[in-house]
Amino acid sequence: MENHPTPTPSPFTGIFKNGLIAGAALFLTSFGSLYAAIHLKPDLFVNYINPIFNSDGSRDLYFYLHPFVLSFALAILWNRFRRFLPGGLIIKGIEFGMVYSLVALIPVMWITYSAIDVDFIMVSTWLLYGFCQATLCGVVFAFLDEW
Amino acid sequence: MTFCAPLVAQQQWILASHSTLKVDGKTNINSFACDISTYGRTDTIWTTQTNKEGKVKAGGELSIQVAKFDCHHKMMTKDLQKTLKVSDYPFMKIRFTEFSKDLDDYVKAGRIEGEADIELAGVTRHMNIALSVIPGAAGQVQLIGVKQILFSDFNLKPPSKLGGAIKVKNELLVEFRLYFQAR
């Protein structure tokens, strides 16, 4: 009797599933928190009435697709580096968020602040926002790994 | 045979450079007031009484430099100027075409109706404007007009940022104070 080995699932299936689920979670929390922050702290957003931000709505679709672009990119990163992240769900998530912030966000925010006429508080909120997004993705990925 | 036009007296009015313009608007997060604190130049308009109803024909053009709008917030100023397409259309123009009464009929403050063509971002709209006339000393007249306009009247789209999360409302309240001196 022949013994057939169980086929190994393609890593792309896991990346796709992780990206999609984390993207949906990120979409809800990102835009939920954005609208809540605009409602609660409108003064923080006055500086967005600025010509460097797209005004005519022509790129709104790209704006709303951002959580999925981020979650798929982070799903690839997670697939490669998850074995280096110890601890429980929250610890893994925070560590993942910190890695992403150090490797990607800080250099990008640095060059943004140095080259574009945006204020320091705005760039700092982007850094914090990106860290929270990556942490949430890390928590979702860790949860999906254990599930 | 010669045809002669009826002789009508034309009155010329010099617009003083300290005339002002203010625009009030709202967004879903704040309200803003942008102004031009001084017109910065002098211009001339004229009025001619033409018919029995006492209506007065007017002419002459006021050219307002869009780049002089100041919203007292650097980025909002830049954004308003971009929205008004300052690089393509550097001037907002007001051409009065008619007044319901002559400006020099006033010895005390009163109200009149004015009609004007307003040109903004390359689009001209004919509008009725309620005006207050305040006579001053020696042929001086102050004309105060308040008019609600819409960005969409001039085919402009009010700015919307962050996927529409921050929106400027379509309505703008324009208030001008024009100081005229009879010539």
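Would you check if B:E113 is free of Cβ contacts under 8 Å to residues at least 60 places away in the same chain, open to solvent by 50 Å² or more (accessible area, probe 1.4 Å) and charged (D, E, K, R)?
yes
Check the range A:121-140 and report whether any residue there is open to solvent by 70 Å² or more (accessible area, probe 1.4 Å), over 25 Å from A:A25 (Cβ atoms), assigned to a helix (DSSP H, G or I) and at pLDDT below 95.
Among the residues of the range A:121-140, at least one is open to solvent by 70 Å² or more (accessible area, probe 1.4 Å), over 25 Å from A:A25 (Cβ atoms), assigned to a helix (DSSP H, G or I) and at pLDDT below 95, which makes the answer yes.
Taking the stated definitions as given, is B:V86 more than 16 Å from the chain's Cα centre (by Cα) and within 22 Å of B:G40 (Cβ to Cβ)?
yes
Go through (1) hydroxyl-bearing (S, T, Y); (2) more than 30 Å from A:D43 (Cα to Cα); (3) loosely packed, with under 14 Cβ neighbours inside 10 Å and name the single condition B:S31 misses.
Here B:S31 clears every test but (2).
If A:K92 meets every condition in (1) open to solvent by less than 70 Å² (accessible area, probe 1.4 Å); (2) over 15 Å from the mean Cα position of the chain (by Cα) apart from one, which number is that one?
Evaluating A:K92 over (1) open to solvent by less than 70 Å² (accessible area, probe 1.4 Å); (2) over 15 Å from the mean Cα position of the chain (by Cα) leaves (2) as the failure.
Give the residues of the range B:54-68 that are surrounded by 18 or more Cβ atoms within 10 Å (Cβ to Cβ) and touching an Asp or Glu at 6+ places or on another chain (Cβ under 7 Å), sorted by residue number.
B:V56, B:A58, B:L62, listed by residue number.
Quick one: count up the residues across the range A:21-45 that are of a type in the set (V, I, T) and either in contact with a Ser or Thr (Cβ under 7 Å, 6 or more places away or on another chain) or more than 7 Å from chain B (Cβ to nearest Cβ) (or both).
The total comes to 2.
May I ask you to list pairs of residues, at least six apart or on different chains, whose Cβ atoms are under 6 Å apart, with the first in the range A:102-113 being farther than 9 Å from A:W126 by Cβ and the second being surrounded by 12 or more Cβ atoms within 10 Å (Cβ to Cβ)?
A:Y113/A:V123
Go over the candidates B:K147, B:K167 one by one and state the one that is basic (K, R), crowded, with 17+ Cβ neighbours inside 10 Å and under 26 Å from B:G114 (Cα atoms).
Of B:K147, B:K167, the one residue that is basic (K, R), crowded, with 17+ Cβ neighbours inside 10 Å and under 26 Å from B:G114 (Cα atoms) is B:K147.
Which of the residues spanning the range B:74-97 are open to solvent by less than 50 Å² (accessible area, probe 1.4 Å) and either among the aromatic types (F, W, Y) or touching an Asp or Glu at 6+ places or on another chain (Cβ under 9 Å) (or both)?
The answer is B:M75, B:T77, B:M92, B:I94, B:F96, B:T97.
Looking for whichever is open to solvent by less than 60 Å² (accessible area, probe 1.4 Å), at pLDDT 95 or above and facing chain B (nearest Cβ under 7 Å) here; the options are A:Y48, A:Y64. Which one fits?
The unique qualifying residue is A:Y64.
The values are calculated or read from the model by the stated rules, or taken from the named source; none is laboratory data. Just so you know, these numbers come straight off a predicted model, no measurement behind them. Every residue, glycine as well, gets a Cβ built from its backbone with ideal geometry; the counts of neighbours run over all protein chains shown. Heads up: the accessible areas ignore ligands, DNA and RNA and are worked out on the full protein's heavy atoms, side chains in. Shrake-Rupley method; radii C 1.70, N 1.55, O 1.52, S 1.80 Å.
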